[in-house]
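Right, one structure below, let's go through it.
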Amino acid sequence: MTHKTFWAAMATSLVLLAASGCAVSRGQETVGAYVDDAGITTLVKSRFFEDKDVAGTSISVETLKGTVMLSGFAKSALERNKAESIARGVKGVTAVKNEIAIRP
């Protein structure tokens with residue numbers, strides 16, 4: 001194993017250990033739940049960037065126990081509603097709280 005690969009593996013291990021610590025502090029029951037929530041958040045954000053109607057950089061996404069919280073700013077009600085619709089369409093999402101403000 002080269003030094004570069006070794007250090008990359010070490011960094012990945014540290015990130016995973018830190019993530020498991022975050023799960024406890026976020027009040028979730030298992031590391032698996034934290035990983036599922038992180039995957040949901042990532043998938044929602046990536047779908048925002050794929051969609052031409054949603055400005056992915058202006059909307060924040062947080063997930064806790066399958067509930068997605070959207071916040072930030074949209075240029076129109078259409079963008080706000082489209083963001084919520086995209087989030088609801090992601091597998092594993094149990095609820096969506098849409099706190100996106102409309103800014104002209």
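The values are calculated or read from the model by the stated rules, or taken from the named source; none is laboratory data. Only a predicted model underlies this, so the values are computations on that prediction, with no experimental measurement involved. Heads up, the Cβs are rebuilt from the backbone with ideal geometry, glycines too, and the neighbour counts pull from every protein chain shown.
Annotations for the structure displayed:
- Each residue in the range 76-96 was checked for being part of a strand (DSSP E or B) and either surrounded by 14 or more Cβ atoms within 10 Å (Cβ to Cβ) or within 13 Å of the chain's Cα centre (by Cα) (or both), and 1 pass.
- Some residue of the range 58-75 being among the basic types (K, R), farther than 16 Å from A101 by Cα and surrounded by fewer than 14 Cβ atoms within 10 Å (Cβ to Cβ): no
- Qualifying position, being closer than 17 Å to K91 by Cβ, modelled with pLDDT under 95 and assigned to a helix (DSSP H, G or I), among A38, A11, A23, A18: A38
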